[in-house]
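Written out below as structure tokens is the structure these notes cover.
Only the coordinates and a few stated rules stand behind these numbers; no lab work does. Predicted model, so just to flag it, every value in this text is computed and none were measured. Cβ placement follows ideal geometry from the backbone for every residue including glycine, while neighbour counts extend to all protein chains displayed.
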Amino acid sequence: MLFGKTKGLVGLDIGSSSVKLVELKPLSKTGRSWKLMNLGVAPLSPEAIVDGSIMDSTMVVDAIVRLFNESKIKTSDVAIAVSGHSVIIKKITMAYMSDDELSESIMWEAESYIPFDIDDVHLDYQILNDVDRGDGNMDVLLVAAKKEKVSEYVSVVQQAGKNPVVVDVDSFALQNSLTENYELSELQVTALVNIGASVMNINILQGGTSIFWRDISIGGNLYTDAIQKELGVDYDTAEMLKRGESAAGVSFERVAPILKSVTGDLGVEVQKTFDFFKATTSADRINRIFLSGGGSRILNLDTYLSERFEAPVEMLNPFQNVSISDKQFNPQTIQDLRASCSIAVGLAMRKPGDK
Ligand SMILES: Nc1ncnc2c1ncn2[C@@H]1O[C@H](COP(=O)(O)OP(=O)(O)OP(=O)(O)O)[C@@H](O)[C@H]1O
Ligand SMILES: [Mg+2]
């Protein structure tokens, strides 16, 4: 995570189509097991956040206030995440040095890897192998997020009267919800693909360790736009049609080919990223794909990706290690929301001292 400490915090994922809130209670100090305390989703109209920028902060503040009012959350401490072009994640190799030396020189080092002015970013880093590996070098994970973007998101949380104690990155929060819920074999390469409304986050892991990250500025909106354009319907109708719901008397036979064609375009983008991944790492195949995000619920997207990449595709269940009371939460609602909630769950699963 970029900065901050964690203790009894609420995961708040401020997405462009909705704000998601998750509160979990750890059931044991060491084990990976939780209880779901609160879960809420507040929809946002498409004008509120455009291309990752908060355009109408009142709408976002209201959504956060509403989510807290609807729940009985006592803490005000919140973990949020940023993503998209204002976040740069890089693994760099540099001459071996001690922690202290690194903390002094990282700004200088980072300068050559980050396409922004170093004064405009929050910088964080983590040494990936802290023992000298023999060639006198070490790998360092470098994360830079534009201050402007971070303060935009921090500000809406503060205006809602809450305290943003952690600012994470979508891709890392997502990874956390995978590794806290699943056992990954050390020999396998797993791709995690989160499809939101406007951003697709791809995080590829070797065993439990992440080795590749990319955010692409496309998502479920592609389907909505195409349906609107091809069928001449408004946004709300297109949103319903893409979920397979009936609206404006349009039959699903007219919607299905549009979904199929957009899925092909999305597949091309995933392919480019996977090809780039294979070209720049020692891995030559992806063994397993996990999907999450509301956009991954498009009919047959999972089958399509599985055939295209010849790998098993499954929907990430962020609640695999979370016990959920049927009395408190409607199982059907949980089923419907779980794709959209992976990042909020990953944030809520942050532990003190996590990095
Ligand atoms: N049942 C469904 N079938 C198809 N698409 C769906 C379904 N439910 C939600 N979506 C789509 O999922 C997207 C929202 O997903 P999600 O909540 O993960 O995004 P977000 O976090 O708000 O956006 P972003 O992270 O891109 O800013 C929207 O495009 C929405 O239309
Ligand atoms: Mg999102």
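Data table
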| read-out | value |
| --- | --- |
| Charge context of Asp302, other residues only, Cβ under 13 angstrom, K/R +1, D/E -1 | +1 |
| Those residues of region 43-57 whose amide nitrogen sits under 18 Å from the label point placed on Arg243, 7 Å along Cα→Cβ | 43-47 |
| Listed residues Gly244, Gly293, Gly219, most fluctuating in the chain (Gaussian network, C-alpha, under 10 Å) | Gly244 |
| Nitroxide proxy distance, nm - points 7 Å out along Cα→Cβ at Lys260 and Phe116 | 4.2 nm |
| Ser155 paired with Thr209, simple spin-label distance in nm, labels 7 Å along Cα-to-beta-carbon | 4.0 nm |
| Region 183-316 - percent relative contact order, Cα under 8 Å, separation 6 or more | 27 percent |
| Angstrom value of the Kirkwood radius, inverse mean 1/r, which spans all Cα pairs in the chain | 21.2 Å |
| Within-12-Å neighbourhood charge of Ala145 [Cβ basis; K, R +1; D, E -1] | -4 |
| Coordinate range along principal axes, alpha carbons of region 183-316, Å, largest first | 51, 23, 20 |
| Principal-axis tilt of helix 170-179 within the chain, Cα atoms, nearest 10 degrees | 90 degrees |
| Listed residue pairs exceeding 24 Å between alpha carbons, taken from Lys20/Lys162; Lys35/Lys91; Lys91/Lys149; Lys29/Lys74 | Lys35/Lys91 |
| Exposure proxy order (Cβ contacts within 10 Å, fewest to most) of Arg243, Arg254, Arg297 | Arg254, Arg243, Arg297 |
| Of the GluC sites (Glu not before Pro) in region 269-314, those whose Cβ has at most 14 other Cβ within 10 Å and which sit in DSSP loop | Glu310 |
| More than 15 Å apart - percent of Cα-Cα pairs taken over region 283-355 | 63 percent |
| Rel. contact order, % - alpha carbon contacts under 8 angstrom, at least six apart, the chain | 22 percent |
| For a label point 7 Å along the Cα-to-beta-carbon line of Thr58, residues of region 126-169 with backbone N under 15 Å | 160 |
| 222 nm mean residue ellipticity, helices alone, for the chain (DSSP H n ≥ 4; -39,500 (n - 2.57); rounded to 500) | -10500 deg cm²/dmol |
| Full-extension gain in nm, Ala95 to Glu269, via 0.36 nm per residue minus C-alpha separation | 59.2 nm |
| Local net charge near Leu12, Cβ-Cβ under 11 Å (Lys/Arg +1, Asp/Glu -1) | -2 |
| Angle in degrees between helix 147-159 and the longest Cα principal axis of the chain, rounded to the nearest 10 | 60 degrees |
| Fraction of beta bridges assigned by DSSP in the chain that are antiparallel (%, nearest 5) | 75 percent |
